[in-house]
Amino acid sequence: IGLFFCFWSWVGFESTAMYGEESRDPKRIIPRATVLAVVGLGALYMLVAWTTLSGNGLAVSVAVSGGSTGNPLDLFYGAAQQYLGHWAVTAFEWLMCSSAFACGMAFHQCASRYLYAIGREGFIHRALGRTHRSHGSPFVASFAQTGVTVAIVGAFWATGKDPYLDLYTLTAILGTMALLIVQALCSFSVIAYFRSHHAETRHWFRTLVAPALGGLGMVGAVYLLVTNLKTASGGSSALLLTLTPWIVGGVFVGGVAYALYTRSRNPARYEILGRIVMEDTQERAEEPATA
């Protein structure tokens, strides 16, 4: 419930900032579409979790997912083999690969969009805010994100780490922890923002209760993730897993420090943070409809 409320209060700001320019009415369409996706995925995840626990049994599920008995992926492969046959295991393997690729592409898209927005506002490098002359895509930011990805994958490959159990799992945990913290901050920022802005759209549930429940739910999720890192990683003892909370905390502190430095040394640049895309979105929303 807390996760749902968090997404309800968060998606209106997060998705509008990232994809608002591509929608005629972003403040209405994007939040509805995202909430629909969140509800659908939430129901799917609950169904998968229920069928997995039912198929393996509670004791086996805990043992396998914790890495104490074989490969954590056997949690799915074992049940598929037992109830459906080997063809289902093969299908699961292909689906696992394709879903991992889709997930990686989604993260690439989001990261590229953030770099693009940062570049448009003059941070890091203005070239990141360039778009392709023919396609209109943020190609410089996409190539920059590709370079970072190649460096990370190359580092794991050079140290002989497993591409899924180490690279995919450990980096996913790191990214998930950071994202949960960002979503919690976004939820609380909704409350702070509407206390002093846009009194006409202030609402007791949408701008107070929902973001408060969402933020508290995310804080609880972060606590559970931090205290169960080893279980979430399938029993990994990698150094990256141990350093994950410190890496996320360091990035957070560094971001806050940079924001405070920018506000004190260059207030004009600080004021445009997050405003360029939103202003363009508003202009598009106010344009008359065309055939």
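Confirm whether Arg202 is among the basic types (Lys, Arg) and closer than 28 Å to Glu121 by Cα. Walk me through it before giving the result.
Numbers: among the basic types (Lys, Arg): yes; closer than 28 Å to Glu121 by Cα: no.
For Arg202, the condition - among the basic types (Lys, Arg) and closer than 28 Å to Glu121 by Cα - is not met.
For first residues located in segment 33-59 and over 15 Å from Ala80 (Cβ atoms), partners that are at pLDDT below 85 and open to solvent by 60 Å² or more (accessible area, probe 1.4 Å) and lie 6+ apart or on another chain with Cβ distances below 7 Å form the pairs Val35/Trp8; Val38/Phe4; Gly42/Phe4.
Of all residues in segment 206-225, those being modelled with pLDDT of 90 or more and open to solvent by 60 Å² or more (accessible area, probe 1.4 Å) number 6.
Yes or no: Ala37 modelled with pLDDT of 75 or more, closer than 30 Å to Ala79 by Cβ and not acidic (Asp, Glu)? Full working, then the answer.
Numbers: modelled with pLDDT of 75 or more: yes; closer than 30 Å to Ala79 by Cβ: yes; not acidic (Asp, Glu): yes.
It is true that Ala37 is modelled with pLDDT of 75 or more, closer than 30 Å to Ala79 by Cβ and not acidic (Asp, Glu).
Note on segment 82-130: among residues that are touching a helix residue (DSSP H, G or I) at 6+ places or on another chain (Cβ under 7 Å) and within 23 Å of Leu53 (Cβ to Cβ), the one that is most open to solvent (accessible area, probe 1.4 Å) is Tyr83.
Condition first: open to solvent by 50 Å² or more (accessible area, probe 1.4 Å), in a helix (DSSP H, G or I) and among the hydroxyl-bearing types (Ser, Thr, Tyr). Can you find one or more residues in segment 188-195 that meet it?
Keep residues of segment 188-195 that are open to solvent by 50 Å² or more (accessible area, probe 1.4 Å), which gives 188-189, 192-193, 195.
Remaining after also requiring in a helix (DSSP H, G or I): 188-189, 192-193, 195.
So of that shortlist, the ones also among the hydroxyl-bearing types (Ser, Thr, Tyr) come out as 189, 193.
Within segment 188-195, one or more residues are open to solvent by 50 Å² or more (accessible area, probe 1.4 Å), in a helix (DSSP H, G or I) and among the hydroxyl-bearing types (Ser, Thr, Tyr).
The values are calculated or read from the model by the stated rules, or taken from the named source; none is laboratory data. Computed from a predicted structure; not experimentally measured. Every residue, glycine as well, gets a Cβ built from its backbone with ideal geometry; the counts of neighbours run over all protein chains shown. Ligands, DNA and RNA are stripped out before the accessible areas are found, and what is left, the full protein with its side chains, is counted by its heavy atoms. Shrake-Rupley method; radii C 1.70, N 1.55, O 1.52, S 1.80 Å.
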